[in-house]
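Inspection log for the structure reproduced underneath, given as structure tokens.
The values are calculated or read from the model by the stated rules, or taken from the named source; none is laboratory data. Predicted, not measured: the structure shown is a model, and the values here were computed from it. Note that we place each Cβ from the backbone using ideal geometry, even for glycine, and neighbour counts take in every protein chain shown.
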Amino acid sequence: MVQSLVCGLDLGGTKLLGLVADPAGDQPVALSKVLAPRGPDAVVDGLVALATDLCERAAAAGDGTVVAVGLGAPGLVDRTGTLRYGPNIAGVVEVPFAQLLSERLGLPVVVENDATCAAWAEHERGAARGANHSLTVTLGTGIGAGMTVKGETLRGAHGYAGEAGHMVVDPHGPRCPCGRRGCWERYASGSGLGWLAREAALAGLASRMVELAGGDPEAVRGEQVTAAAVEGDAQALAVLEKFGWWVALGLANLVNILDSEIVVIGGGLAEAGDLLLNPIRAAYGELVMGANYREPVPIVQAQLGERAGAWGAALLAAART
């Protein structure tokens, strides 16, 4: 009997990551990551090429046959599998990914928001396993959020639930790629961490970070903050403390609304571990409503790393086709 496999794809601003897996397994049978092309046609071509390569590798190894494909895409993904708008992927709007990929691959295709996919993967295979009401927040170039409610993904009326990065936390704040000012992700994403670090550098409060950036205060990015913090640099730790407050502000708002039982922090910034999580936890306790009168909500690191979006897309494809 030929084993039925699923392919999961994760579309990011800088990379495409894909895997093929047995829906009941814990490890992919094929995995690949490539640079993300630019423009809608090139993105579709890149996704088709990646999925085709993964499916062929799984078949050649005798692992089974891929019967469905899932895609996690950043932005507003409607219930037809169309990416209506993705502010962090220039020019990729109103793209019917489910239809286009299905026609080219000859397989059923499920498309969801990438953070929703990551949240489902953490719920099924990772840090939120066993939690019926979970919140997963991915901190990368931007911010994504996925929620489970009563053990199911929260998609909203049109499929757009989870765009927490575009909560406005400061209407007079910096301009966001979405066109508004002061969105949460301007302060609490990877780009937000870099912005806070450059502010500190220009104020003369980031000497080690500037040194790691080659001596140019304008070149300081989040990578230099975490690298200096690992060394124990007090100025870098101060930047992370301020950054953690901004992350916690958004988390507190979300928990106030959703009453989640666990918060999972994923995305590239989560690799900093407790250097990032401890300031978030400390600030969260001061920001959430009624902290002394409600059950504690663990804030934990995601377990699936950069594979979470692709894993979740594969699992959702398996469940919905």
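Please work out if R186 is more than 29 Å from D41 (Cβ to Cβ), touching an Asp or Glu at 6+ places or on another chain (Cβ under 9 Å) and either part of a helix (DSSP H, G or I) or among the aromatic types (F, W, Y) (or both).
So R186 fits the description; yes.
Given the range 46-160, what strands (runs of 3 or more DSSP E) lie entirely inside it while holding 1 or more residues that are within 24 Å of L193 (Cβ to Cβ) and under 20 Å from the mean Cα position of the chain (by Cα)? Step through it out loud before you land on a result.
Numbers: elements: 65-73, 83-85, 93-95, 109-113, 134-139, 143-149.
Of the strands (runs of 3 or more DSSP E) lying wholly inside the range 46-160, those with at least 1 residues that are within 24 Å of L193 (Cβ to Cβ) and under 20 Å from the mean Cα position of the chain (by Cα) span 65-73, 109-113, 134-139, 143-149.
Kindly list, by first and then second residue, each pair from a residue in the range 31-43 that is touching a residue at least 24 places away in the same chain (Cβ under 8 Å) to a residue that is of a type in the set (V, I, T) and surrounded by fewer than 16 Cβ atoms within 10 Å (Cβ to Cβ), limited to pairs with Cβ atoms under 6 Å and residues at least 6 apart or on different chains.
From the range 31-43, the pairs are A36/T14.
So if I check each of G159, G165, which one is touching an Asp or Glu at 6+ places or on another chain (Cβ under 7 Å), of a type in the set (G, A, S), modelled with pLDDT under 95 and over 16 Å from L258 (Cα atoms)?
On the way: G165 fails: over 16 Å from L258 (Cα atoms).
Sole residue among the options that is touching an Asp or Glu at 6+ places or on another chain (Cβ under 7 Å), of a type in the set (G, A, S), modelled with pLDDT under 95 and over 16 Å from L258 (Cα atoms): G159.
Do we have V297 as outside the structural domain of Q27 (by TED's automatic domain parsing) and part of a helix (DSSP H, G or I) here?
no
Out of curiosity, is R57 over 26 Å from R180 (Cα atoms), among the basic types (K, R) and either at pLDDT below 95 or in contact with a Gly (Cβ under 8 Å, 6 or more places away or on another chain) (or both)?
So R57 passes the test.
Could you list all residues from the range 139-154 that are surrounded by 19 or more Cβ atoms within 10 Å (Cβ to Cβ), out of contact with any Leu (no Cβ under 9 Å at 6 or more places or on another chain) and modelled with pLDDT of 90 or more?
Of everything in the range 139-154, those that are surrounded by 19 or more Cβ atoms within 10 Å (Cβ to Cβ), out of contact with any Leu (no Cβ under 9 Å at 6 or more places or on another chain) and modelled with pLDDT of 90 or more turn out to be I143, G144.
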